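Here's the structure, in structure tokens; my notes come after.
The values are calculated or read from the model by the stated rules, or taken from the named source; none is laboratory data. Just so it is clear, the structure is predicted and the values come from calculations on it, not from any experiment. Because the Cβ atoms are built from the backbone with ideal geometry, glycine has one as well, and the counts that use them run over all protein chains shown.
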Amino acid sequence: MTHVPDVRVAQPADADGIAQLMVQLGYQSPASAVATRLARILPRQDQRFLIAEIDGRPVGWLHAAVWEFVETGPFVVIGGLVVDRAVRRQGVGRLLMRSAEAWAVEQGCSIVRLWSSDARTDAHRFYERLGYAHIKTQYSFVKSIDPDGRRNFDDFVPRLDR
């Protein structure tokens, strides 16, 4: 990589770039829906949405949030991470993760946790290289409680064949 990426907190104007990168993660939402979600996420103190950019172009993003359960206390969850295929293996993901980990410390959290689909074997190796331990394998369940049935149900299932 000839240019070092910059990492910054996302802004509402980043919705289009975030939506475009989401496709590489296996999810698809119109930029307008992403903008609506960002408007709810960005003001929250318990969430951090980061953008990595090179020469002003978004090349990755990471969404982190503080969660707290009675059995564990507070920790940070990486809710999503994607790096543009064109710049993978060049330190962008590592930089985003380090930034999220630093934010976790600022939030008083000593644990960062994430989930990764079984088929994302390259991602698993990436997280292990960063020092993350595989602690369990589990099933993921979802139920639509929308009266129309499965509306929005598919938003929770990545299409990894894209």
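Of all residues in region 102-148, those being acidic (Asp, Glu) and either under 26 Å from Gln45 (Cα atoms) or not in a helix (DSSP H, G or I) (or both) number 4. Of all residues in region 71-83, those satisfying the criterion of being modelled with pLDDT of 95 or more and over 13 Å from the mean Cα position of the chain (by Cα) are Pro74, Phe75. If the condition is being part of a helix (DSSP H, G or I) and either touching a His at 6+ places or on another chain (Cβ under 6 Å) or crowded, with 19+ Cβ neighbours inside 10 Å (or both), then region 37-94 contributes Leu38, Val92, Gly93.
Here region 149-162 is the region considered, the condition is being under 16 Å from the mean Cα position of the chain (by Cα) and not in a loop (DSSP other than H, G, I, E, B), and the residue that is modelled with the lowest pLDDT is Phe156. Here Arg113 fits the description: within 13 Å of the chain's Cα centre (by Cα) and charged (D, E, K, R). Between Ser32, Ser99, the distinction of being among the small types (Gly, Ala, Ser), assigned to a helix (DSSP H, G or I) and closer than 14 Å to Arg8 by Cα belongs to Ser99 only.
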